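Please read the structure below before turning to the comments.
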Amino acid sequence: MSAANDTKFNSAVFLLTGIPGQEDAHIWISILFCLMYVISILGNSVILFIIKTDSSLHEPMYIFLSMLAITDLGISISTMPTILGIYLFNSREISFKACFAQLFFIHSLQFIESSVLLLMAFDRFIAIRDPLRYASILTLPRIASMGLVFALRGVAVIFPFPFLLKRFQYCGANVLSHSYCLHQEVMKMACSDITVNSIYGLFVTLLTVGLDSLFIFLSYVVILKTALSFASNAECLRALNTCISHLCAVLLFYSPEIGLSVLHRFGKGSSSLLQIFLGYISLLVPPLINPVVYSMKSRHLRARIIRAFVK
């Protein structure tokens, strides 16, 4: 019986979905997605290369930025095969094991990105609140330790997901509403009680994205209070200006992520197109926009990039 079940499990597939009603435009949509992936991968790779090769950028702010770039690269690579497979080759089938592996990487990398954004908020908090102790607090070993702890947290909380999903029986059409696999989507395909998965998924989201966003908000409350206490308006604006790039990254990440989570859990009557577009925005836009925003706002990084290309 066990061998028969394993055989059935290995041969089963999920069907991924593109944009309903836009099948005739798949070739044009694929060109758009290809451009987005190329820009995302090149942009984040350039930032990593510049930070690695220029010793003057080996500072906490740029080290955290390199962590963000690595996470964005991972998210782009995790979603690229299935999304481009649908729009370029109309390849909708994905095996159970491949689907579980993809959702593991997507969710763990998203939670790691949330942690990196929290670390970047902490960096701005120390830089504005206690600038004289900035270098002594954010040492390289301490940064490495914090990055490792948060990376392990992201992997550890997602690790049970594939095993929790594997124990289910899937007896329906198994048609997912996205071009990639997500835990909240896959568990709805099960013909079994998904209470444990639903509760654990909510707990993990609150433990990671919920706590991170709360601490980021509290950090900016203190940052704003500190900046407003400066003697001159120029100093206040200069301090707040260093936070603009990070605020853009936070809004790009959390807005669609929270919206998509709410729709998956409570929006039973919501438009499927809205869920699809929010899903694409949450996974494709941050890796695309983050390198552009940080390159534009960071004068030192922008100068190094221009110098590298001019040479």
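Filtered by the rule that a residue be surrounded by 21 or more Cβ atoms within 10 Å (Cβ to Cβ) and either of a type in the set (D, E) or free of Cβ contacts under 8 Å to residues at least 40 places away in the same chain (or both), the stretch 100-119 gives a lone residue, E113.
One residue alone among V209, V292, V221 is free of Cβ contacts under 8 Å to residues at least 60 places away in the same chain, hydrophobic (A, V, I, L, M, F, W, C) and either under 29 Å from L84 (Cβ atoms) or part of a helix (DSSP H, G or I) (or both), and that residue is V221. For the stretch 138-149, does any single residue satisfy the condition of being in contact with a Pro (Cβ under 8 Å, 6 or more places away or on another chain) and not in a helix (DSSP H, G or I)? Among the residues of the stretch 138-149, at least one is in contact with a Pro (Cβ under 8 Å, 6 or more places away or on another chain) and not in a helix (DSSP H, G or I), which makes the answer yes.
For the stretch 83-112, residues that are hydroxyl-bearing (S, T, Y), in a helix (DSSP H, G or I) and more than 26 Å from I47 (Cα to Cα) total 1.
Screening I158, I216, I143 for residues that are at pLDDT 90 or above, among the aliphatic types (A, V, I, L, M) and closer than 23 Å to T79 by Cα leaves exactly one candidate, I158.
The values are calculated or read from the model by the stated rules, or taken from the named source; none is laboratory data. Here the structure is a predicted model, which is why all the values come from computation and not from measurement. FYI the Cβ positions are ideal-geometry reconstructions off the backbone, even for glycines, and counts take in every protein chain you see.
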